[in-house]
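Working notes for the structure below.
The values are calculated or read from the model by the stated rules, or taken from the named source; none is laboratory data. Note that the structure is a prediction, hence the values are computed from the model and not measured. Every residue, glycine as well, gets a Cβ built from its backbone with ideal geometry; the counts of neighbours run over all protein chains shown. Accessible surface is based on the protein model in full, side chains and every heavy atom, while ligands, DNA and RNA are left aside. Shrake-Rupley method; radii C 1.70, N 1.55, O 1.52, S 1.80 Å.
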Amino acid sequence: MTVRYVVGIDLGTTNTVVSYVELGYVGPGHVEQGATRSVEVFPIEQLVAAGVSDRRRLLPSALFAEQGWLVGELARARGAEVPARYVSSAKSWLAHPAVDRTAEILPWGAEDTPKISPVDASAAVLRHVRLAWDAAHPDAPLAAQDVVVTVPASFDEAARAYTVEAIKSAGLPIER
């Protein structure tokens with residue numbers, strides 16, 4: 001499969017955003033050379049209310065425990081209603097050396113609720129992005145494109161490694 005896009009994913013503490021450039025795909029095995037390209041923001045399909053889906057430029061990096069893990073705008077809204085089932089700032093937890101980032105510790109301090117690890121929470125956000133991209137681009141799945149996921153410069157080697165683990169778990173390609 002020919003790479004058609006270069007895709008940048010900013011896995012943010014608060015929101016995740018995806019931008020991309022189309023390489024000028026013309027046909028199998030051929031990419032147009034020399035054309036001017038513009039960077040586009042990929043609107044990410046997500047639940048925004050019960051039973052209502054919409055494409056938004058930002059995906060809240062939020063999860064809510066509700067028959068599995070809900071990701072995005074509705075997760076953030078439900079988290080305001082039931083904070084004990086809400087996970088936010090999972091990316092920040094990847095850099096927290098005092099906790100086991102692979103342990104199911106989130107939502108922090110909540111009891112009698114489903115838990116998820118910071119690595120798995122970050123992977124869930126990235127997996128949501130991958131599935132939304134794949135649905136919008138069935139002929140160019142995200143895992144087959146040139147993908148760059150941001151990692152903060154402030155992350156130490158362990159935090160970077162946990163981020164890479166989340167990227168792999170989400171089904172995205174890793175090249176270091």
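Numerical summary
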read-out: The range 133-174: C-alpha gyration tensor shape, a/c 1.5 cut-off, then a/b vs b/c; value: prolate
read-out: Cα long-axis angle, helix 157-169 against the chain (0 to 90 degrees, to the nearest 10); value: 70
read-out: Accessible surface, per residue, of the range 42-130 when the full set of protein chains is kept, probe 1.4 Å, Å²; value: 47
read-out: Positive-end extreme of charge dipole, the chain - chosen from PRO152, ILE116, LEU126 (charges on Cβ); value: PRO152
read-out: Span per principal axis, largest first, for the Cα atoms of the range 40-109 (Å); value: 37, 31, 18
read-out: Neighbour count of at most 15 Cβ within 10 Å plus DSSP loop: longest GluC sites (Glu not before Pro)-free window in the chain; value: 112-174
read-out: Beta bridges by DSSP in the chain, antiparallel share as percent, to the nearest 5; value: 85
read-out: Computed Rg/Rh of the range 106-176, alpha carbon atoms with Kirkwood Rh; value: 1.04
read-out: Cα gyration tensor category, rounded, prolate or oblate, for the range 81-130 with a/c compared to 1.5; value: oblate
read-out: Carbon and sulfur %, accessible surface of the chain computed with the full protein complex present, 1.4 Å; value: 52
read-out: 0 to 90° range, to nearest 10: angle between helix 118-136 axis and the chain longest Cα axis; value: 40
read-out: Rh (Kirkwood; distinct C-alpha pairs) - the chain, Å; value: 16.9
